[in-house]
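Bear in mind that the values in this text are calculations on the coordinates, not laboratory data. Values in this document were obtained by computation on a predicted structure and should not be read as measured data. Cβ sites come from the backbone with ideal geometry, for glycine too, and all protein chains shown count toward neighbours.
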Amino acid sequence: MKIKTKNLVNFLRKIQLSGGELITECVLDFAEEGIKVSASNPSAMSKVFGLLKKSSFMEYEAIGQVGVNELGNIIKVLDRFGEEITLKVEGNLLTVSTTGKKVEIELMDVKFITFDNREPKLEFTDFFNFPAEKLHEILNDIKLNEDAVITFKTEDKKLQISNTGKYKFSHEYMVPQCSGGVTVKMGAPFVDAVAELDGTIEFSIKTDYPIKMIEKNEWSIITLIVAPRVSNEE
């Protein structure tokens, strides 16, 4: 299999999440439509589903499931290669190579990795699109506080995002898709889960309910589900 290094690295960074939600091991399913990933961290506050499309590869083979651990180190290793890499799985080894350079990475037996590739059935009451760049700007403001509670509130064609803490920011945007009536509070897991998202994010929300976000681009689809902040934790 052959792929542009940045396509694979960017995908893995997004499904890895960050901070307290960091995922260190997962199953990469080389399926007919591309690499599929379903993973959650031990806290189970965030769940990620990813698809790196077959079309992102110059050469691709549906070889089934392989298990990886130390995902962060694997990303660092891949990032040390040039523009294109070749992938080959033999037994418990993943070989990554380019002209004049290769590395062998030990794989895990998938039976030792807990995963569920079924997305939970959730029903939402409000839906809207929001730019990841603007979301990161808002979260960078909020991160000036420690353990802030982030409140998303929708009104008719309007989105409000505010936070608790010493520095109480409030952001308001006109968002035509919002129908209104939803208030949901999130904590640090939300900040850590969305850190690597870019482009436009599709939000699905409901009062006191998990938030679902989907990021789509030419090469991949990333779906995140993050649990809300329970009120008595504030």
Query - Listed values [x] 1.17; [y] 0.91; [z] 1.08, entry calculated as Cα Rg over 2.2 N^0.38 Å - result: [z]
Report task. Count the net charge of all other residues whose Cβ sits under 15 Å from the Cβ of Glu123, scoring Lys and Arg as +1 and Asp and Glu as -1. Result -> 0
Report task. Give the residue from Gly82, Asn69, Ser40 lying farthest towards the positive end of the charge dipole for the stretch 40-89; charges sit on Cβ (+1 for Lys and Arg, -1 for Asp and Glu) and the dipole is referred to the Cα centre. Result -> Ser40
Report task. Over 27 Å between C-alpha atoms is what I'm after, so list which of Lys6/Lys168; Lys2/Lys212; Lys143/Lys206; Lys36/Lys88; Lys14/Lys111 land there. Result -> Lys6/Lys168; Lys2/Lys212
Report task. When a/c is below 1.5 the answer is rounded, else prolate if a/b is larger than b/c, else oblate, so apply that to the stretch 15-74 with a ≥ b ≥ c taken from the square roots of the Cα gyration tensor eigenvalues. Result -> prolate
Report summary line: Using alpha-carbon positions, the gyration tensor of the stretch 179-234 gives root eigenvalues a ≥ b ≥ c; with a/c under 1.5 called rounded, otherwise prolate if a/b exceeds b/c, else oblate, the class is oblate
**Report entry** Neighbour-count order for Tyr209, Tyr60, fewest beta carbons within 10 angstrom listed first
**Finding:** Tyr209, Tyr60
Requested in this report: Within the stretch 127-193, report the chymotrypsin sites (Phe, Trp or Tyr not before Pro) that DSSP leaves as loop and that have at most 14 other Cβ atoms within 10 Å.
Outcome: Tyr167
Query - Sorted by Cβ density within 10 Å, fewest first, the residues Asp109, Asp126 - result: Asp109, Asp126
Query raised in the report: For the stretch 126-233, what is the charge dipole size about the Cα centre, in debye to the nearest 20, if Lys and Arg each add +1 at the Cβ and Asp and Glu each add -1 at the Cβ?
Result: 340
Report summary line: Neighbours of Val9 by Cβ distance under 11 Å: Lys/Arg at +1, Asp/Glu at -1, summed charge +4
Requested in this report: Of the options Leu94, Phe152, Val175, report the single residue whose Cα projects farthest towards the positive end of the charge dipole of the chain (beta-carbon charges: Lys, Arg +1; Asp, Glu -1).
Outcome: Val175
Query raised in the report: Out of Asn7, Ile205, Val191, whose Cα points farthest toward the positive end of the dipole of the chain (charges: +1 Lys, Arg; -1 Asp, Glu; placed on Cβ)?
Result: Asn7
Requested in this report: Return the distance in nm (one decimal) between the two label points of a simple spin-label model at Gln65 and Ala31, each offset 7 Å from Cα along Cα→Cβ.
Outcome: 1.2
**Report entry** Two-decimal log10 I(q)/I(0) for the stretch 2-112, as the Debye equation yields it once each C-alpha is a single scatterer, q = 0.15, 0.17, 0.21, 0.22 Å⁻¹
**Finding:** -0.61, -0.80, -1.26, -1.39
Query raised in the report: Among Ile63, Ile205, Ile85, whose mean-square fluctuation peaks in a Gaussian network model of the chain (Cα, cutoff 10 Å)?
Result: Ile63
Query raised in the report: Within the stretch 54-75, what residues put their amide N at less than 19 Å from the label point 7 Å along the Cα-to-Cβ vector of Glu218?
Result: 54-60
Query - Debye, to nearest 20: dipole size of the chain, +1 on Lys, Arg Cβ, -1 on Asp, Glu Cβ - result: 200
Query raised in the report: Just Gly82, Gly72, Gly187 to compare: in a GNM of the chain, with alpha carbon springs under 10 Å, which one fluctuates most?
Result: Gly82
Query raised in the report: With Cβ to Cβ distances under 13 Å as the rule, what net charge do the other residues near Gln177 carry (K, R +1; D, E -1)?
Result: -2
Requested in this report: Using a Gaussian network model of the chain whose springs link C-alpha atoms within less than 10 Å, name the residue from Asn73, Asn163, Asn117 with the highest mean-square fluctuation.
Outcome: Asn73
Query - Student exercise, the stretch 43-119 dipole from Lys, Arg, Asp, Glu Cβ charges, in Debye to nearest 20 - result: 140
